[in-house]
Amino acid sequence: MSKLDHLRPSGLHHNPAYSHVVVASGARTIYIAGQVSTDDEGRLVGPGDLAAQTTQVMHNIGLALKAAGATYANIVKITTFVVGYKPELRPIIGKARSVFFEGMEPPASTLVGVSALAAPEWLIEIEAVAVVD
């Protein structure tokens, strides 16, 4: 079983929504391409709804993890790209995303505001890195 140590460095504010540092020990690293809010037929899920799109994106990440023999608990880092990011959007994303990390330490995380994604209807894209044995 891979080992993940979620460190709480002295001098850095502890935020329960993400870990500042995750040290991973495992045999395989899984890189998941940026996932967007589409279903298995490529149809948009949640037009104009950031919470719904975030939930679908996290669901898609779960499908990718499962295919690689991993779970959300194996994620060490996520990067989130949000179109037209404003601080008031962070709680919406956090609430939708936190369900997938419930009962476990969250991964290291970066959130980046962008002007656009590859398709105009996409509001959010999340990529992930996971480590497993």
Leaving ligands, DNA and RNA out of it, work out the accessible area of ARG8 with a 1.4 Å probe and give it in Å² to the nearest 10.
150 Å²
Which is the longest part of the chain that has none of the GluC sites (Glu not before Pro) sitting in a DSSP loop with at most 12 other Cβ atoms within 10 Å?
42-101
Using helices alone, I'd like the mean residue ellipticity at 222 nm for the chain: each DSSP H run of four-plus residues gives -39500 (n - 2.57), total over residue count, nearest 500.
-6500 deg cm²/dmol
Over the range 2-62, with every protein chain in place, what whole percent of the accessible area is carbon and sulfur at 1.4 Å, could you tell me?
52 percent
Counting only backbone N atoms under 18 Å from a point 7 Å out along Cα-to-Cβ of HIS14, the residues of the range 100-133 in range are 102-109
Place the peptides 21-28, 107-114 in order of packing, highest mean first, counting for every residue the other Cβ atoms within 10 Å and averaging per peptide.
107-114, 21-28
Using only Cα atoms, find the angle between the long axis of helix 50-67 and the longest principal axis of the chain, and express it within 0 to 90 degrees, rounded to the nearest 10.
50 degrees
Evaluate the charge dipole of the range 54-133 about its Cα centre and quote only its size in Debye, nearest 20, assuming +1 on the Cβ of each Lys and Arg and -1 on the Cβ of each Asp and Glu.
120 debye
Can you classify the range 30-93 as rounded, prolate or oblate using the Cα gyration tensor, where a ≥ b ≥ c are the square roots of its eigenvalues, rounded means a/c under 1.5, and otherwise it's prolate if a/b beats b/c and oblate if not?
oblate
Considering only protein heavy atoms, what is the solvent-accessible area of THR29 at a probe of 1.4 Å, reported in Å² to the nearest 10?
70 Å²
Averaging sequence separations of C-alpha pairs under 8 Å and six or more residues apart, then dividing by the length of the chain, give the relative contact order as a whole percent.
39 percent
Obtain the nm distance between the two label points defined at ASP40 and HIS59 by a simple spin-label model: each point lies 7 Å from its Cα along the Cα-to-C-beta direction.
1.1 nm
Among GLY62, GLY42, GLY84, determine the one that fluctuates most according to a GNM of the chain built with springs between C-alpha atoms less than 10 Å apart.
GLY42
The long-range amide H neighbours of SER2, using H built 1.01 Å from N in the peptide plane and a cut-off of under 5 Å, are ASP133
As I understand it, the dipole of the chain uses +1 on the Cβ of Lys and Arg and -1 on the Cβ of Asp and Glu, about the Cα centre. Which of GLY46, PRO120, PRO107 lies farthest toward its positive end?
PRO107
Tell me, what HN-Hα J-couplings in whole Hz come from the Karplus equation 6.51 cos²θ - 1.76 cosθ + 1.60 at θ = phi - 60° for each residue of the range 22-28, using x for Gly and Pro?
10, 9, 10, 10, x, 8, 10
Accessible area (Å², per residue) of the chain, counting only protein heavy atoms and a probe of 1.4 Å:
55 Å²
Vicinal HN-Hα couplings computed from phi for the range 125-132 (Karplus, 6.51 cos²θ - 1.76 cosθ + 1.60; Hz; Gly/Pro x):
9, 10, 10, 9, 10, 10, 10, 9
Work out, step by step, the length gained on full extension between LYS86 and ALA27: first 0.36 nm times the residue separation, then minus their alpha carbon distance; give nm to one decimal.
17.4 nm
If I take every Cα pair under 8 Å that is 6 or more residues apart in the range 47-109, average their sequence separation and divide by the length, what percent do I get for the relative contact order?
50 percent
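The values are calculated or read from the model by the stated rules, or taken from the named source; none is laboratory data. Keep in mind that what you see is a predicted model, and the values were worked out from it rather than measured. Counting neighbours? That spans all protein chains shown, and the Cβs are built from the backbone with ideal geometry, glycine included. Only protein heavy atoms, including side chains, enter the accessible area calculation; ligands, DNA and RNA are left aside. Shrake-Rupley method; radii C 1.70, N 1.55, O 1.52, S 1.80 Å.
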